[in-house]
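The values are calculated or read from the model by the stated rules, or taken from the named source; none is laboratory data. Worth saying up front: this structure is predicted, and the values here are computed from it rather than measured. When we count neighbours, we look across all protein chains shown, and the Cβ atoms used for this are built from the backbone with ideal geometry, even at glycine.
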Amino acid sequence: RERLGGRWTVLTAGEGAGLPRGRNQSVLTLYVALEDFSHVFEDPGRSHGRVRLRATLVEATPVGDRLIEQRVFDVQRPAATPDAGGGAVALAAALDQALAELEPWLTQQR
């Protein structure tokens, strides 16, 4: 929310934008689903953080919704240590990378 909210309006699932639009106007809505947020252990001494986001861009038109694009961002980052602390840092890095990939993709869709 913080990162994307700097450039775009960010709403929670229960909030409605309530944006007025004329007869020929449309509104683009991005839905992001967190599909995986895991600390994965390959063996007792090695692990990684995995973040998988599904981003769906929909155009709300006066005659209904239209799918513009959908993309999955699947990122893994190694943990420096195979414990909770290392996993938390790896997950944060994986999430940062996924958002770094999502932002230019979203900008290209506009």
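Could you check, for segment 7-22, whether at least one of its residues is surrounded by 15 or more Cβ atoms within 10 Å (Cβ to Cβ) and either at pLDDT below 80 or among the small types (Gly, Ala, Ser) (or both)? No, there is no match, as no residue in segment 7-22 is surrounded by 15 or more Cβ atoms within 10 Å (Cβ to Cβ) and either at pLDDT below 80 or among the small types (Gly, Ala, Ser) (or both). Among the residues of segment 53-110, which ones are in contact (Cβ under 8 Å) with a residue 60 or more places away in the chain and more than 24 Å from SER38 (Cα to Cα)? Within segment 53-110, LEU106, GLN109, ARG110 meet the criteria. If you go through segment 58-110 one residue at a time, how many are over 30 Å from ARG46 (Cα atoms), under 17 Å from the mean Cα position of the chain (by Cα) and aliphatic (A, V, I, L, M)? Total satisfying the criteria: 4.
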